[in-house]
Amino acid sequence: MSANTILLRVVASTCALGWSGAALAQADSGDEDEVIEEIVVTGTGASVARTQFETPQSVTQFNEEDIRSFSSNSQADILTQLPGVSAEGGGGEVATNVFHRALPSGGQFSFTPLLYDGMPAFTTFGLNSSAFDVFYRNDLGIARSEFVSGGVSNLFGPGSVAGIINYISKTGDDDPAGTMQVEIAEEGRFRGDYFFSGPLGGSDSNTYYALSGYYRVDEGPLKSGLDTKGFQLRGNIKKVFDDGSGSVTVYGQAIDDKVQFFLPLPVDGETRERVNGNDGEEVFTMNTVDAIGLSYDTPDGRFATPIADGVLTKGQSIAVVLDKDLNDDWTLNAKVRYASYDHQFNLFLDGDAIGPNTPETQAEYLANRGIDAFADSAVFTFADTGQALPGEYLLFGNRTLDRWRDATDFSAEFSVGRNLSIGRSEHAITVGAFFSDSQADDINFITTYLGEFSNAPRLVDVTLEDVAEDADGNLVATPGSNYMWTMNGLANANGMTANFDRGASRTAFYAADQIELDRWSFDFGARVERLDGDVRRFNTASFQMGDDPLVNDLIENVSFTDGSLLADTVSATEWAFSAGGLFRINDTTNVFANVSRGFFFPQIRSVPFDANGRLASYEGEIIDTIEAGIKFNHDRWDGYAAFFYTSLDDRRNVDFENDPNNPGNIIEVVTVQSTEAYGIEGSITYYLNDFWSLHGNITLREHEFTKAEGSPDIVGNELRRQPTEMANTAVRFNYGNFDAALFHNYHGDNFANDSNTVELDSYNLLRLEAGYKFEFADAQIVRVSAHVFNLTDEQGITEGSPRQGNAQSGEPAQFFVGRPILPRRVMLRFTYDF
C-alpha cells in the first residue's frame, strides 16, 4: 500500500464500536487473522503497516454500518461516541460543539480539524466563528471515519494539537454497486440518499467512479415554520496506474443547503425543563416564521433579514490526490484542493439583552425599558392581525443575528517517503510541506423584535396612545397621537454591527520517522509553521434614517459602514515536536506512551485593533500533551486504557456576549487563559457470542484554569461545559437478517460559564436502532430500519446563555435560559443495496 494519508489510516478496526455483523461472523468462523491483516496503519505516510493495536497513540475508527447507526441529526451523533470527546448538537444539523480532553473551547472544531479524505474541510479556524461542518454533510459515500488523538500523525497536513477527525470516502472498483435510501421522520422530515460506483471505460481502463449525495427537506426537529432544505453532490474518479504503483484521484463536491439553527431558550428556572407558553403548549423554540418580514431602511437601501435561510451554504470544492510508489523504497504523495462557498449563518439569539433577558409581563416590559410612566396608554397587539394581546400573555424580546461569511480556501500538500534499514531497525521516513491560503468575510446585522412567549412566537406591536416625541426627542402626552414603540414587531434596527474581511496563509514543513525495532515501535516527528494573516475592518457609524415623532428612534437610527476602514497584518512562526513508543509485551498486550509539544495559532478574529489602528500582538498558544496506556487484543475482547495530561498557555478565548454599553448589540469578548487537565480514559469491546456484543468507554478527568487575565477569580475553576465524567455504552444484537443496537451516552455535571456560577446537571441520552434485511437475487438487499433519537425524551441542558457569559445567574428563578437536548424523534429508513 502506498503512502497516501497525513494521518493514521485504519482500514478496519477490531476496536471499532459496534463491529459489523459481517466482520464478527468472519472472525467467529476462524478467519479472524485475515480480518486483522486488513487493519493497515501508516502513521507517517510510509508503507510500513501497523495495526491499530500496534500504534503508540489512541485511535478510534467507525465503519460504514456504525456511522449509519449513529447518525440522526448531526456530527455530534458520531463524535459523542469517542472516548475523551464530548459533543452536542442541540443547535441542529451543523455547528456541532466538540470538546476534547478538556482543552478550552467554545465548541466547534477549533482543536480537532475536520477532514474528508485527508484534506481539511477548511484549513484555518477563526477567520470568523463558523464551524467546519457547515461546509460538508455526511452521506452514503462515507466508507469509515477515523479519530487520531495525539502522536506524530497530528504534525502532517493542516496539523492539530488534540486530534484529527477524518472521513474516508468510498471509491469504485471493478464491480458496479449502488445504494438508494429513503428516510422519513416525525415533524415533516424527508431525505433521499444515493450512492453509485463502478468502472469507467473498458475493463482494462483501471479507472473507477463513485458518486453520492442527498436531497433533504425537514420542518423540524423543532417546528418554527422555517424549513431545513437542500442537497449535496459528492464524487470521485480514481485512476489506478497500470503498473500497480499507485493512483490519482479527483474529488468533487457541490452543495446548496440551508439548515435551521437553534439557540437556548427560556426553560423552568428550577427543574430546567421546557415550559408551557401563552397558548398552553410546550415551548420548544423561539425561532419563528413571523420574523422573516422584519426590515428597515439603511444608507444602502432597504434591509430585510434573511433569517429564513438559516445556515446557508452554496458552493463547491475540487481536489486531486496523487499516490505513487516511485520504487520499492521511495513513495510520493501530493494533494491539492480548492473550495469556494457563499455562506450565511443566520440565527435567532436567546433574548434582547434588556432587563432580565427572560419572559416578561407586559408591565415588566414597559418598566424595564423606562416607559412605564405611559403604562395606562400602552396597547399591545399582534403585529399580523392587529388583535389585542390578552393581558396575561407574557412577552419575550429577541434578536436575529444575520451573518454573511463567504469564504474561499486553497490547500496543497506534498510529501516523499523513504524506507530503509539501519542495523536491526526498519525506518519509514517522511518529509513534506503544507501550504494553504484562506479568506472569509464576517459581516453581521442584528435586528431586535418583540414577540409573545410561545412556541414559534407571533410578533407584537406596542403603541403608546396619545403620546409623541417633543422637539428634544422626549416622550410627552400628546392627545390624538399614537406613538409606535414597536412597528410590525420591530423594536430596534440595530443594523450592521461588524464588517470584517480576514485572510490567512499558512506554510509548514514537517518530517517524521517511524521505526520498528524488534518488539519496539517508535515515532518521532517535528513541524515548523508560519502563519501570515491580514485583517480589514470596515468601520461603522450610526445613521438617522427618519425623524418621525411618532416612531421609536431605535427603529429610525441604524448602524452601517461609514466608508472608512482599518487594515493590518499579523504573523507568527511556531514549532511542534512529538515522540512516541510502544512495547509489545506479548501477542495480546502492548504498552505505549507519547509526548508532544504543539501549538495553536490564535483565532485571527480574536486580535483587536488598538487606538493607533494596529493589530495587537500575535503569538502561538503552546499546548503540551502526555499520553500513556495499555492496549489489549484478545479473541473475544479488545480495548485500551490510557492516562493523559494536557496544558495550554495563553489561549485567546473568544465569546459573543451582550454589549453592556449598547443594549441589543453583540460584541466579541477576548480573554487570555491558561488551563491544565489530566485524567484517564478507557474503551472495551466484548463479543459475548455470535449474536451479542457489548461496548463501553469512560473518561474521568480533572481540569482547571491556571491563569485568566482580567479575571483572576476564576483561577482554579473548572472549564465551562466540560464534565469531569463521561461514558458511553452500547449493546448490539445480530441474528440472521435482523439486527438491533441500543446506545447510551452519559454526560456528567458541568458548569455553563467560567465563573462556575451556573451548574448544569448530568444527563443520559439513549438511542435505539433496529432493522431487518430482505435478500434477493444478484446480491440485492432491502433493509427496513427504525431509529429513535433520545429514546426517553431527556431534557438535559447542554449550555446556558453564552450571551450572558459570567453574568448569568444560577440562582433559582422563574426562568432559566438554556439549550435542552433535541426532543425524541422517530425515523424510518428504507435502504436498497444492489
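What's the Kirkwood radius of region 316-405 in Å, using all Cα pairs? Don't skip to the end; give the middle numbers.
Values: mean 1/r = 0.0536 Å⁻¹.
One over the average 1/r among Cα pairs gives 18.6 Å for region 316-405.
Quantify, in whole percent, the carbon and sulfur part of the accessible surface of the chain (1.4 Å probe; protein heavy atoms only). Write out the running numbers ahead of the final one.
Numbers: 16330 of 30300 Å².
For the chain, the apolar C and S fraction of the accessible surface comes to 54 percent.
At a temperature of 37 °C and a viscosity of 0.692 mPa s, determine how fast region 787-834 diffuses translationally according to Stokes-Einstein, using the Kirkwood radius over alpha-carbon pairs as Rh; express D in µm²/s, rounded to the nearest whole number.
On the way: Rh = 13.7 Å.
Stokes-Einstein gives a translational diffusion coefficient of 239 µm²/s.
Using only the Cα atoms of region 644-691, each taken as one equal point scatterer with no solvent, compute I(q) by the Debye sum, divide by I(0), and report log10 of the ratio at q = 0.26, 0.28, 0.29, 0.31 Å⁻¹.
The calculated log intensity ratios at q = 0.26, 0.28, 0.29, 0.31 Å⁻¹ are -0.94, -0.99, -1.02, -1.06.
Any idea which of ALA593, ASN73, GLY473 is furthest toward the positive side of the dipole for the chain, if Lys and Arg beta-carbons carry +1 and Asp and Glu beta-carbons -1?
ALA593
Each residue of region 704-710 in order: what ³J(HN,Hα) in whole Hz does its phi give by Karplus 6.51 cos²θ - 1.76 cosθ + 1.60, θ = phi - 60°, with x for Gly and Pro?
So the J values, rounded to whole Hz, are 7, 7, 9, 7, 8, 5, x.
A 20 angstrom limit on the alpha carbon distance is what I want to check against. Which of LYS223/LYS258; LYS238/LYS773; LYS238/LYS335 exceed it?
Details: LYS223/LYS258 15 Å; LYS238/LYS773 31 Å; LYS238/LYS335 14 Å.
Over 20 Å Cα-Cα: LYS238/LYS773.
Quote the Stokes-Einstein diffusion coefficient, in whole µm² s⁻¹, for region 706-754, based on the Kirkwood radius over alpha carbon pairs, a temperature of 20 °C and a viscosity of 1.002 mPa s.
On the way: Rh = 14.1 Å.
Taking Rh from Cα pairs, D becomes 152 µm²/s.
How are the C-alpha pair distances of region 449-548 spread across 5 Å bins, as whole percents from the shortest bin up?
Pairs per bin, as whole percents: 2, 8, 9, 10, 9, 8, 7, 6, 5, 5, 5, 5, 5, 4, 3, 3, 2, 1, 0, 0.
Mind checking the log10 I(q)/I(0) for region 340-482 at q = 0.13, 0.14 Å⁻¹? Debye, one equal scatterer per Cα, no solvent, two decimals.
Evaluating at q = 0.13, 0.14 Å⁻¹ gives log10 I(q)/I(0) of -0.76, -0.83.
Please list, short to long, the whole-number percent of alpha-carbon pairs of region 418-469 in consecutive 10 angstrom bins beginning at zero.
13, 16, 15, 11, 10, 10, 11, 8, 5, 1
Taking a 1.4 Å probe, which of GLU681, GLU516 shows the most accessible area, and what order do the others take after it? If you can, show how the numbers build up before the last one.
Details: GLU681 10, GLU516 35 Å².
In descending accessible area the options line up as GLU516, GLU681.
Run the Debye formula on the Cα coordinates of the chain, all scatterers equal and no solvent, and tell me log10 I(q)/I(0) at q = 0.06, 0.07, 0.08, 0.10 1/Å.
Reported log10 I(q)/I(0), two decimals: -0.40, -0.54, -0.71, -1.10.
Sorted from largest to smallest, which semi-axis lengths in Å does the alpha carbon gyration tensor of region 63-181 give for its equivalent ellipsoid, taking the root of 5 times each eigenvalue? Display every interim value, and only then the final one.
Values: eigenvalues 114, 57, 37 Å².
Computed over region 63-181, the values are 24, 17, 14 Å.
With θ taken as phi - 60° and the coefficients 6.51, -1.76 and 1.60, list the Karplus ³J(HN,Hα) couplings across region 679-690 in order, rounded to whole Hz; mark glycine and proline as x.
Running phi through 6.51 cos²θ - 1.76 cosθ + 1.60 with θ = phi - 60° gives x, 10, 9, x, 9, 8, 10, 10, 9, 5, 6, 5 Hz.
If eta is 0.692 mPa s and T is 37 °C, what Stokes-Einstein diffusion coefficient results for region 517-646, Kirkwood Rh from Cα pairs, in µm²/s? All intermediate terms of the calculation are to be shown ahead of the outcome.
Numbers: Rh = 20.2 Å.
Rounded, D is 163 µm²/s.
What Rg and what Dmax come out for region 324-371 when only alpha-carbon atoms are used, in angstroms?
Gyration radius and largest Cα-Cα distance of region 324-371: 28.8, 82 Å.
If you average over every viewing direction, what projected area does the convex hull of the Cα atoms of region 738-795 give, in nm²? The partial results should precede the final answer.
Working: hull surface 22.3 nm².
Spelled out: convex hull of the Cα atoms, projected over all directions, averaged, 5.6 nm².
Nothing charged except the Cβ atoms of Lys and Arg (+1) and of Asp and Glu (-1): what's the magnitude of the dipole of region 737-800 about its Cα centre? Round to the nearest 20 debye.
The dipole of region 737-800 has a size of about 360 debye.
From the residues VAL275, GLN52, THR724, which one has its Cα farthest along the dipole of the chain in the positive direction, the dipole being from +1 and -1 charges on Cβ of Lys/Arg and Asp/Glu about the Cα centre?
Result: GLN52.
With the radius of gyration and the Kirkwood radius both derived from the Cα set of region 439-481, what is their ratio Rg to Rh?
Details: Rg = 17.7 Å, Rh = 14.2 Å.
Result: Rg/Rh = 1.25.
Please compute the alpha carbon radius of gyration of region 712-834, then divide it by the globular-protein estimate 2.2 N^0.38 Å. Two decimals is fine.
Details: Rg = 20.6 Å, N = 123, 2.2 N^0.38 = 13.7 Å.
Against the empirical 2.2 N^0.38 Å value, I get 1.51 for region 712-834.
Per-residue counts of other Cβ atoms within 10 Å, averaged by peptide: what ranking do you get for 246-253, 477-484, 348-355, highest first?
Values: 246-253: 18.6, 477-484: 14.4, 348-355: 22.5.
Ranked by mean Cβ neighbours within 10 Å, highest first: 348-355, 246-253, 477-484.
Before rounding to the nearest 500, sum -39500 (n - 2.57) across all DSSP H runs of length at least 4 in the chain and divide by the residue total; then give [θ] at 222 nm in deg cm²/dmol. Don't jump to the answer; show the numbers that get you there.
Numbers: 6 runs with 34 residues, N = 834.
Here the helix-only value at 222 nm equals -1000 deg cm²/dmol.
Report, in debye and to the nearest 20, how large the dipole of region 476-625 comes out about its Cα centre when Lys and Arg carry +1 and Asp and Glu carry -1 on their Cβ.
On the way: 11 positive and 20 negative charges, 42 e Å.
Charge dipole of region 476-625: 200 debye, to the nearest 20.
Amide H of GLY151 versus every other amide H placed in the peptide plane: which residues, excluding those fewer than 5 positions away on the same chain, fall under 5 Å?
none
Taking only C-alpha pairs under 8 Å that are 6+ residues apart, what is the relative contact order of region 82-199 in percent?
Details: 198 pairs, mean separation 24.6, N = 118.
The normalised contact order for region 82-199 reaches 21 percent.
At a 1.4 Å probe radius, which order do ASP624, ASP77, ASP300 fall into by accessible area, largest first?
Details: ASP624 55, ASP77 10, ASP300 120 Å².
These residues rank, largest area first, as ASP300, ASP624, ASP77.
Just name one of GLY736, TYR763, ILE797: the one whose Cα is farthest towards the positive end of the charge dipole of region 697-834 (beta-carbon charges, Lys/Arg +1, Asp/Glu -1).
About the Cα centre, the residue reaching furthest to the positive side is GLY736.
Please list the non-local residues whose amide H lies under 5 Å from the amide H of SER169, H modeled 1.01 Å from N, same-chain partners needing a gap of 5 or more.
ASP117, ALA143
Where the only charges are on Cβ atoms (+1 Lys, Arg; -1 Asp, Glu), what is the dipole of the chain about its Cα centre, to the nearest 20 debye? Write out the running numbers ahead of the final one.
Working: 58 positive and 122 negative charges, 358 e Å.
Using Cβ point charges on Lys, Arg, Asp and Glu, the chain gives about 1720 debye.
Quick one: divide the alpha-carbon radius of gyration of region 606-715 by 2.2 N^0.38 Å and tell me what you get. Write down the numbers at each step before the final one.
Working: Rg = 22.0 Å, N = 110, 2.2 N^0.38 = 13.1 Å.
Expressed relative to 2.2 N^0.38 Å, the Cα Rg reads 1.67.
The values are calculated or read from the model by the stated rules, or taken from the named source; none is laboratory data. Because the structure is a prediction, the values reported are computed rather than measured. In this analysis, Cβ positions are derived from the backbone assuming ideal geometry, glycine residues included, and neighbour counts consider all displayed protein chains. Heads up: the accessible areas ignore ligands, DNA and RNA and are worked out on the full protein's heavy atoms, side chains in. Shrake-Rupley method; radii C 1.70, N 1.55, O 1.52, S 1.80 Å.
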